[in-house]
Amino acid sequence: MGAATMVVGLAALARVARSEPAPAEGAATEHEIEVVADRAHRVEPSPRDPTAASTVVSGPRLREPGVTLAAVAARVPGVQIARAGSPADGAALGLRGAPAAETPVYLAGVRLDDDLTGATDLSTVPPFLLDRVELFRGTAPDAADRLGMGGAVLLEPRRPRRSEASVGAELGSHGARAAWAHAALAREDGAGALVAAHYDAARNDYPYEDDGGTAFDPSDDRERRRSNADHAGTDLWLVARTGGAGARALTVFEAYDRERGASGLALVPATRARYRIDRRLVAVTGAAPCARAAPGGDAPCTLELTTSALAASSELLDPARELGLLGTRLDVRGARVGWRARLETAPTPAWRFVQDLSREHATLAVDRDGARDLAARSEVVRGSAAAHHRGTGRTDVLALGALECHRAAVGAALGACDPLEPVGRVGIRWRVAETVSLLANGGRFARAPTLGERYGSSPLVRGNAALRPERSLNTDAGVRLAVPAAESGRRLALSAEVVAFARWADDLIAYRRTGFGTVRPYNVGRARLVGGEGLVVASLFDAVAAESSLTLLDPRDTSPGRALTNDLLPHRSRLVFAQALEAWLRAPLPGVDRVSAGARLLHRSSRFADEAGLVVLAAGTTLDCFGALSLAGDRFVVRAAVDDVLDAHPPDLLGLPLPGRTAHGSVEVTLP
C-alpha cells in the first residue's frame with residue numbers, strides 16, 4: 001500500500017507545478033477554513049457548525065516544547081484523558097464521560113478510529129504537524145461521518161498557504177529528543193504542496209514510587225527507575241492542493257512508525273518485551289461545482305468525492321513471557337478502505353442542504369506465535385441528510401438524520417445489520433445580542449461495538465464478543481459570550497462558554513480492569529450522565545491572558561436490578577479544572593519581536609477503576625511552566641517548558657507509572 005499511496009502523492013505534486021486557473025470565489029470547503037488572527041487568548045467555536053458546543057485550539061499551543069496532543073486537549077472543558085504511562089505509551093480522549101471509542105477522531109476529514117483500532121491513540125499524532133484542533137462536545141458537525149456519542153475531534157494538518165521552509169530541534173529530560181522539518185510551495189491561485197517530517201525519541205527512564213503492592217503499608221515503599229521504556233518514532237506527511245475552473249483536489253498522505261519498550265506494570269515490570277506500531281494513511285478528495293455559479297457568487301451546487309485507505313499494524317514481542325499474553329509474539333493487523341460522496345446545495349442564501357453517502361470495509365487479523373488467532377471483518381454503509389437554515393442573521397438551525405448499517409463477522413459471511421436504526425440531531429443558535437448567543441442541541445445516537453472491542457485491538461485492550469450495540473439520547477443547552485477588545489476600548493477582550501448537558505444510555509459500553517494491566521469492555525444496562533462545563537478566557541492590554549475551564553460530571557449506573565452498592569461509572573472523574581496564565585511583551589528590545597512566559601494548572605478528581613468502587617485512582621494536580629522568545633521577525637523562536645513542576649506523578653489508567661517533573665527546550669528557524 002505504501003508505494004501506491006506515495007505514487008498518488010507524487011502525482012498530486014506534479015499537478016501543482018502545472019499552470020492552472022484560479023479557483024472560483026467561495027470554493028473553499030469546510031475542510032479548508034482559514035484560521036486567522038491570534039486565537040490563543042479567546043474562546044473560539046468552530047465555524048463548521050455554530051449550533052454545537054465546540055472549541056478550536058491552534059497557534060502557539062501546538063508548538064510548545066514537549067507538548068503532546070493529549071496535553072493540548074486536556075485544557076478543553078468536557079475532555080478527560082486516559083493515559084498509560086509515558087507520552088509514548090498511549091493516550092486516549094473521551095468527551096462528556098464517553099470513552100475514546102465513542103469519540104471519533106478525524107485527520108484531514110478521514111476517521112482514524114474504526115473497527116481495526118477501536119480508539120485513536122493521541123500519542124501517534126505530533127501536534128507540530130497540525131494547523132488546528134477542533135473539539136466538538138456532545139455531537140459532531142455534518143462534515144463528520146459519525147455523530148459521536150460524546151462528541152468528535154477534527155485534526156487539520158498544516159497546509160501550504162505560502163512558500164516557506166523550517167527546521168527545528170528539541171531536547172528534554174530522560175533522554176527526550178526531537179527534530180522536524182517542513183517545506184511548502186504555494187501559488188497565488190491556492191494550489192500548493194507541503195512535505196513535513198518529524199522524529200522523536202526518549203529513554204523514559206524516569207523514577208517512580210513502588211509501593212510493593214501494599215498501598216497502606218509505607219514500610220516497603222521504595223523509589224525505582226523505569227526500564228525498558230525507551231521509544232523512537234518517525235512521522236512523514238504530504239499535503240497537496242490543486243485547483244482550476246472551480247474544481248479542486250486535496251491529497252493527504254501520512255506514514256507513521258514507532259518502536260518502544262513494553263515496560264509492563266509498576267509492580268511487575270517487563271525488561272525484554274518490545275512493541276512496534278505503524279500506520280499508513282492516504283486520502284484523496286475532489287470537489288467540483290455541479291451547477292454554474294452566478295457572476296460574483298458561489299456555486300449553488302457542489303459535489304465532493306473522497307477515497308481513503310488506512311492500514312495499521314502492531315507487533316508485540318515478549319520472549320520472556322513477562323506480560324501474560326499466553327505466547328511470545330502477538331501481531332495485530334488491520335486495514336480499511338472507504339468511499340464517500342457528499343452533495344451540497346444552496347438554493348438560497350438562507351438555506352443549505354447536504355446529502356452524504358458512504359461505505360467502508362475493514363478487516364482485523366490477529367496472529368499469536370505465528371498462528372492465526374482471529375480473522376474478522378466488517379462493513380458500514382451510511383446515508384445522511386442535513387438542512388441548515390440561517391434566518392435574519394440571528395438564528396442558525398441545523399437538522400440532521402442518518403441511517404447506518406453495521407455488519408461484522410468472524411470467518412463467515414457478513415450477517416444482518418446490527419444495529420439498523422435512524423439517528424440524528426437538531427441544533428439551534430440564537431444570537432440575542434451582538435456579543436451573546438444561546439445554544440441548544442438534542443439527538444438520538446447509536447453505535448455498534450468495533451471489531452477491536454469485540455475481539456481485542458491491542459495488548460492493553462481485551463475483547464468481549466458478547467457486547468451489544470449501545471444507544472443514547474443526548475441533549476445540551478448553553479450560552480456563549482464574546483466581547484472583542486474593540487468593544488471595551490481595546491483594553492479587555494473577554495470570551496466565555498457555559499453549557500449544561502445530559503445523556504441517557506442503554507447498553508453503554510464501559511471498561512473494567514481484568515488484571516495483568518489490561519482492560520475489557522462490558523455493557524452497562526442503563527446509564528445517566530449529567531454535568532456542566534465552562535470556559536472563560538480574558539486578555540488585557542494585549543499583554544496578559546488568563547484562561548479557566550471547569551467540567552462537572554455525574555456518571556451513574558441506573559440499570560434495573562443492579563446488585564452493586566456503588567453506582568458511579570468507572571474511569572470518569574467528577575471534576576476537572578484547568579487554569580492558565582500567560583504574559584507577553586511585543587518588541588521589548590531591538591531585534592526581539594516577542595517574549596512570553598506562563599503557567600498552567602490541571603486538576604482531576606479521583607475516580608474508580610472498577611464498577612464495584614473497590615479500586616480508586618487518586619486525584620492528581622499538575623503545574624506546568626513555559627516561555628518563548630521570538631527574534632528576526634518571528635523567524636527564530638526559542639521555547640522552553642517545565643512540566644509537572646511540583647513532581648506530583650498523577651495516577652494513570654492501568655498502573656503504569658507516569659513521569660514527574662520534566663524539562664524541555666526547542667529551537668525553530670523559519671525561512672520565508
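The values are calculated or read from the model by the stated rules, or taken from the named source; none is laboratory data. The model shown is predicted, which means the values in this text are computed figures rather than measured ones. Don't worry about glycine lacking a Cβ; one is built from the backbone with ideal geometry, like all the others, and counts go over all protein chains shown.
Quick one: Asp542 ticks every box in (1) in contact (Cβ under 8 Å) with a residue 60 or more places away in the chain; (2) over 22 Å from Gly665 (Cβ atoms) except a single one, so which number is it?
(1)
Out of Arg368, Arg377, report the one residue that is within 26 Å of the chain's Cα centre (by Cα), more than 30 Å from Ala288 (Cα to Cα), of a type in the set (D, E, K, R) and modelled with pLDDT under 90.
Selected residue: Arg377, the only one of Arg368, Arg377 that is within 26 Å of the chain's Cα centre (by Cα), more than 30 Å from Ala288 (Cα to Cα), of a type in the set (D, E, K, R) and modelled with pLDDT under 90.
Hey, among Arg562, Arg572, which residue is buried (at least 17 other Cβ atoms within 10 Å of the Cβ), out of contact with any helix residue (DSSP H, G or I) (no Cβ under 8 Å at 6 or more places or on another chain) and closer than 19 Å to Asn523 by Cα?
Checking each option against the conditions leaves just Arg572.
What tally of residues in the stretch 618-644 results from selecting those that are surrounded by fewer than 18 Cβ atoms within 10 Å (Cβ to Cβ), over 24 Å from Asp593 (Cα atoms) and either acidic (Asp, Glu) or touching a strand residue (DSSP E or B) at 6+ places or on another chain (Cβ under 6 Å) (or both)?
1
Condition check ((1) touching a Ser or Thr at 6+ places or on another chain (Cβ under 8 Å); (2) of a type in the set (A, V, I, L, M, F, W, C)) across all residues:
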{"residue": "Asp567", "(1), (2)": "yes, no"}
{"residue": "Ala587", "(1), (2)": "no, yes"}
{"residue": "Val592", "(1), (2)": "yes, yes"}
{"residue": "Ala597", "(1), (2)": "no, yes"}
{"residue": "Leu614", "(1), (2)": "no, yes"}
{"residue": "Arg639", "(1), (2)": "yes, no"}
{"residue": "Thr662", "(1), (2)": "yes, no"}
{"residue": "Thr670", "(1), (2)": "yes, no"}
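Just one of Gly443, Gly401 is without any contact (Cβ under 8 Å) to a residue 24 or more places away in the chain and either touching a Phe, Trp or Tyr at 6+ places or on another chain (Cβ under 6 Å) or of a type outside the set (A, V, I, L, M, F, W, C) (or both); which is it?
Among Gly443, Gly401, only Gly401 is without any contact (Cβ under 8 Å) to a residue 24 or more places away in the chain and either touching a Phe, Trp or Tyr at 6+ places or on another chain (Cβ under 6 Å) or of a type outside the set (A, V, I, L, M, F, W, C) (or both).
Residues are listed down the side, and each one gets a yes or a no for (1) modelled with pLDDT of 85 or more; (2) within 31 Å of the chain's Cα centre (by Cα); (3) of a type in the set (Ser, Thr, Tyr):
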residue	(1), (2), (3)
Gly261	yes, yes, no
Gly264	no, yes, no
Leu267	no, yes, no
Arg279	yes, yes, no
Val282	yes, yes, no
Ala288	yes, yes, no
Gly296	no, no, no
Thr302	yes, yes, yes
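Taking strands (runs of 3 or more DSSP E) that do not extend beyond the stretch 399-492, which have at least 1 residues that are at pLDDT below 95, touching a Pro at 6+ places or on another chain (Cβ under 8 Å) and among the aliphatic types (A, V, I, L, M)?
Correct list: 436-447.
What are the pairs, 6+ residues apart or on separate chains, where a residue within the stretch 325-337 that is surrounded by 16 or more Cβ atoms within 10 Å (Cβ to Cβ) has its Cβ under 6 Å from a residue that is among the β-branched types (Val, Ile, Thr)?
Val332/Val366; Ala335/Thr363
Looking at (1) assigned to a strand (DSSP E or B); (2) buried (at least 22 other Cβ atoms within 10 Å of the Cβ); (3) more than 15 Å from the chain's Cα centre (by Cα); (4) among the charged types (D, E, K, R), which is the only condition Glu134 fails?
Failed condition: (3).
Strands (runs of 3 or more DSSP E) wholly in the stretch 1-105 with at least 2 residues that are closer than 22 Å to Leu623 by Cβ and either among the polar types (S, T, N, Q) or modelled with pLDDT under 85 (or both) - which ones?
79-83
Just one of Ala262, Ala249, Ala240, Ala255 is touching a residue at least 24 places away in the same chain (Cβ under 8 Å) and within 23 Å of Pro207 (Cα to Cα); which is it?
Criteria check complete, one pass: Ala262.
Say we look at the stretch 575-593 and pick out the residues that are surrounded by fewer than 16 Cβ atoms within 10 Å (Cβ to Cβ) and more than 30 Å from the chain's Cα centre (by Cα); which of these is nearest to Ala543 (Cα to Cα)?
Looking at residues that are surrounded by fewer than 16 Cβ atoms within 10 Å (Cβ to Cβ) and more than 30 Å from the chain's Cα centre (by Cα), I get Leu585.
Give Ala144, Ala165, Ala140 a once-over and let me know the one that is outside any loop (DSSP other than H, G, I, E, B) and of a type in the set (A, V, I, L, M).
Ala165
Among the listed residues Leu147, Leu154, identify the single one that is buried (at least 24 other Cβ atoms within 10 Å of the Cβ), under 22 Å from Thr306 (Cβ atoms), at pLDDT 90 or above and within 17 Å of the chain's Cα centre (by Cα).
Leu154
Please go through (1) buried (at least 19 other Cβ atoms within 10 Å of the Cβ); (2) touching a residue at least 60 places away in the same chain (Cβ under 8 Å); (3) more than 30 Å from Ala240 (Cβ to Cβ) for Asp318 and return the number of the only condition it doesn't satisfy.
That leaves (2) as the condition not met.
Would you say Leu316 is of a type outside the set (Phe, Trp, Tyr) and either within 30 Å of Arg111 (Cα to Cα) or at pLDDT 85 or above (or both)?
Spelling it out, Leu316 is indeed of a type outside the set (Phe, Trp, Tyr) and either within 30 Å of Arg111 (Cα to Cα) or at pLDDT 85 or above (or both).
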